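The structure appears below as structure tokens.
The values are calculated or read from the model by the stated rules, or taken from the named source; none is laboratory data. Predicted model only: the values in this text are computed from it and were never measured. The area values use the complete protein model at the heavy-atom level, side chains included, leaving out ligands, DNA and RNA. Shrake-Rupley method; radii C 1.70, N 1.55, O 1.52, S 1.80 Å.
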Amino acid sequence: MSDDTGADATFLHTCLNVADAERAVAWYTEQLGFEASWGFEAGDTTNRYVADESGVELQLSETAGVTPDESGDRWDHFAVKVDDVDAAFADIDHHGVVQEPEDNDTAGARTAFVEDPDGHVIELVGPLAEE
């Protein structure tokens, strides 16, 4: 995609502030099947990355002494594709239910929303249930 500046942009990652980067990596790898990819430290901040099978990354950033903002107004959610929303919803060790699985006919998908250990909302998106 180009704009008037002539720059081409490619999505690289989304960054989430987390209370414990290693706990977050464990949750995203064990519960959603992402792979731990790399990480680095910058001052008092630990950054860890997990990636899906296509290489899209999620940055998990922990700053010593800082707990992520609980207001939830800095971002809404991110979505991950799953084969079966109901099975994923039942299997994932989520830390809160925002919306149980339901058909979203307007979007042409079955969806559910859960929270990770730090309260980030993840949308599970899959095909509509066949009748």
(Q) For a bin width of 5 Å, list the pair-distance distribution of the stretch 75-131 built from all Cα-Cα distances, rounded to whole %. (A) 5, 22, 33, 24, 11, 5, 1, 0
Q) What fraction of the DSSP beta bridges in the stretch 18-131 is antiparallel, stated in percent and rounded to the nearest 5? A) 85
(Q) Could you report the stretch 74-131's accessible area per residue, 1.4 Å probe, as an integer in Å²? (A) 61
Q) What percentage of the solvent-accessible surface of the stretch 18-131, computed with a 1.4 Å probe over protein heavy atoms, is contributed by carbon and sulfur atoms? A) 44
